[in-house]
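Okay, so here's the structure we're looking at.
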Amino acid sequence: MESTVKQVTIFSTNWCPYCKFEEEWLQDNGVEYKVVMVDEDMEAAMYITKKTQQNGVPVTEVIFQDDSAEYIIGFDKPRLTKLLIHSEKQTKKHKE
């Protein structure tokens, strides 16, 4: 059984086109998320680099109800769909 998503955060920059594409995709799919601009927040940049060992953006942090986390490097639609869309549909099915 998959965990329920508690929070989605995109670590982004002002100049990243793929970050904007991902934000649009999340909005179009009704996914609630927050954006952290790592080019304006060095503490956030260090946090996500430590978690992922990556310096690129976008990085999407998915926090689950059990406080486990998964990190998606780049705008990876198949993985985002699996984690955020399919799991949400499964959660809704279980509630009905």
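The values are calculated or read from the model by the stated rules, or taken from the named source; none is laboratory data. Note that the coordinates shown come from a computational prediction; the quantities given were computed from them, not determined experimentally. Neighbour counts are summed over all protein chains in view; Cβ atoms, including those assigned to glycine, are modelled from backbone coordinates with ideal geometry.
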**Prompt:** On the given criteria, is Asn14 in contact with a Ser or Thr (Cβ under 7 Å, 6 or more places away or on another chain) and in a loop (DSSP other than H, G, I, E, B)?
**Reply:** no
**Item:** Residue satisfying condition, being outside any helix (DSSP H, G or I), under 20 Å from Leu83 (Cα atoms) and either touching a residue at least 24 places away in the same chain (Cβ under 8 Å) or of a type outside the set (Asp, Glu) (or both), within set Glu32, Glu22
**Value:** Glu32
**Message:** Take the residues in region 36-72 that are surrounded by 14 or more Cβ atoms within 10 Å (Cβ to Cβ) and within 9 Å of the chain's Cα centre (by Cα); name whichever of them is farthest from Ser12 (Cα to Cα).
**Reply:** Ile63
**Prompt:** Quick check: anything in region 19-29 in contact with a Lys or Arg (Cβ under 8 Å, 6 or more places away or on another chain) and modelled with pLDDT of 95 or more?
**Reply:** yes
